[in-house]
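The values are calculated or read from the model by the stated rules, or taken from the named source; none is laboratory data. As the structure is a prediction and not an experimental result, all values here were calculated from the model. Positions of Cβ are backbone-derived with ideal geometry, glycine not excepted, and every protein chain shown enters the neighbour counts. With ligands, DNA and RNA removed, areas are computed over all heavy atoms of the protein, side chains included. Shrake-Rupley method; radii C 1.70, N 1.55, O 1.52, S 1.80 Å.
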Amino acid sequence: PRVCVVGSGPAGFYTAQHILKHHGGALVDIYEKLPVPFGLVRFGVAPDHPEVKNVTNTFTQTARSERCAYYGNVTVGRDVTVPELQQAYHAVVLSYGAEDNRVLGIPGENLPGVYTARAFVGWYNGLPENRDLKPDLSCDTALILGHGNVALDIARILLSPLQLLRKTDITDSSLAALACSKVKRVWLVGRRGPLQVSFTIKELREMINLPGARPVLDPADFTGLESAVKDAPRPRKRLTELMIKTALEKPVEMQAAAAGAAAPREWGLKFQRSPQEVLPSADGRRARGIRMALTCLEGSGDSAKAVPTGAVEELECGLVLSSIGYRSLPLDPAVPFDSQRGVIPNSSGRVQGVPGLYCSGWVKRGPTGVIITTMNDSFDTAQSVLEDLQGGVLDISPSREGFGLVESILRSRGVRPVSFSDWEKIDAAEVARGKAAGKPREKIVDPAEMLQIIGH
């Protein structure tokens, strides 16, 4: 059987890995729109979390298998359609992730000084489409809307001492911009309360221990929470206890500041505030602050809803980052898509109403969870493919040409795919440039330059 996987992030690679491991004869081709593989492992994981990127070693082993091939620089839906892939393969798995972001839907969100978390993360991680972002870091206060791990990543990058960032694979141009940054204070704002934050304890602890930055948590936000969290699941309980402990501690820096030392950078969590409007500067040319509705919570736990109380509050900030979630986009008119939920309607990864078509990862279940969540989810989809092969649901009696057919389609449209060994040349070039700068790699951010390195 010939199987094709669209997208080379964790969902795509884990799906391919599981099929190859449990079916001794399957051939798997992975298509990717960028020349370089690995999706959010390369472009989403924070530069100062190199250990999380070690999964690329496993992905590389998969790609080097003689039954697997990688074709980068191919945009499915434009260079080749999903029905064309279905002609060429017995099964097609869509694992292309979530390449858009949710919008705030408030006045002023398009003002200069307002950025999506997705674009900002893409900028410091070298995602080609965000390489020219040039965020304005000339203000002293930044405000991040959202209480997830991505919000904490951004806060940490904005406040990290430069000597820590210099040793990472953060891009050269964003390092230069952060070196000139005037941002000293970062607020992370959420519509709901401390019991509903979606970041994890590891990320919070890292933020609390960040050198040269002190946490500012209001003890009043945490009154009575010890008893409320008594019977909560252990991760939620430990996370809340860490916030309470941090809120009540008198930091050492306070004494230092009292003794006349320079005030350090600081960050804090604000709760039960919902953005209403980004306020423009006097000349209307950029963001100068944000108006927020104060909310109260109806219900409890994860299902609690934030309801405006009628009271509002304004906060001065020259930089606003919205970290309220990613969203998937429809890929091809031939594929059903639930635009309300931003997913492909499916059952265990089998796309509804389209036999032989599957999905895995964020486009299957929505943009939540970490790499391990995606791994389990992808194994689940791969299992559906294997069951359908074993049970005869997928008819493999007609032989399919696989890439042979796709290649002629691409050639006729002037598209030249990038192979995995091509990527390894780009990889080697990045590592060599990084070595010269004392970094693990210096990412190439321009696809044209990537193609030049491999002589395309």
Accessible surface, per residue, of region 55-111 when the full set of protein chains is kept, probe 1.4 Å, Å² = 43
Only helices counted: for the chain, with every DSSP H run of 4 or more residues adding -39500 (n - 2.57) and the sum spread over all residues, [θ] at 222 nm is -10000 deg cm²/dmol
Pairwise label distance in nanometres, residue 298 with residue 348, each label 7 Å out on the Cα-Cβ vector = 3.9
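Counting DSSP beta bridges with both partners in the chain, what percentage is antiparallel, nearest 5?
40
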For residue 214, enumerate residues with amide H under 5 Å from its amide H, sequence gap 5+ or separate chain, H modeled in the peptide plane.
-> 265, 266, 267
Are any of the pairs 53/182; 237/270; 53/167; 184/237; 230/305 more than 23 Å apart by Cα-Cα distance, and if so, which?
-> 53/182; 184/237
When a/c is below 1.5 the answer is rounded, else prolate if a/b is larger than b/c, else oblate, so apply that to region 343-456 with a ≥ b ≥ c taken from the square roots of the Cα gyration tensor eigenvalues.
-> oblate
Could you work out how far the C-alpha centroid of region 128-170 sits from that of region 1-22, in angstrom?
-> 32
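Using DSSP to define loop residues, name the GluC sites (Glu not before Pro) in region 384-456 whose beta-carbon has at most 16 other beta-carbon atoms within 10 Å.
Filter output for region 384-456: 401.
Taking only protein heavy atoms and a 1.4 Å probe, what accessible area per residue, in Å², does region 301-395 have with all protein chains in place? All intermediate terms of the calculation are to be shown ahead of the outcome.
Values: 4430 Å² over 95 residues.
I get 47 Å² per residue for this part.
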How large, in percent, is the carbon and sulfur part of the accessible surface of the chain at a probe radius of 1.4 Å?
-> 52
Provide the FRET efficiency to the nearest 0.05 for the residue 432-residue 236 pair, computing r from the beta carbons and using R0 = 41 Å.
-> 0.35
Consider the candidate values [x] 24.3; [y] 23.1; [z] 34.8; state which one is mean projected area of the Cα convex hull in nm² computed from the structure displayed.
-> [x]
Just tell me, in residue order, which DSSP H segments of the chain are both 27 angstrom or longer along the helix axis (alpha-carbon based) and at least -0.5 in mean Kyte-Doolittle hydropathy.
-> 371-390
How many angstrom lie between the C-alpha centres of region 303-356 and region 191-214?
-> 24
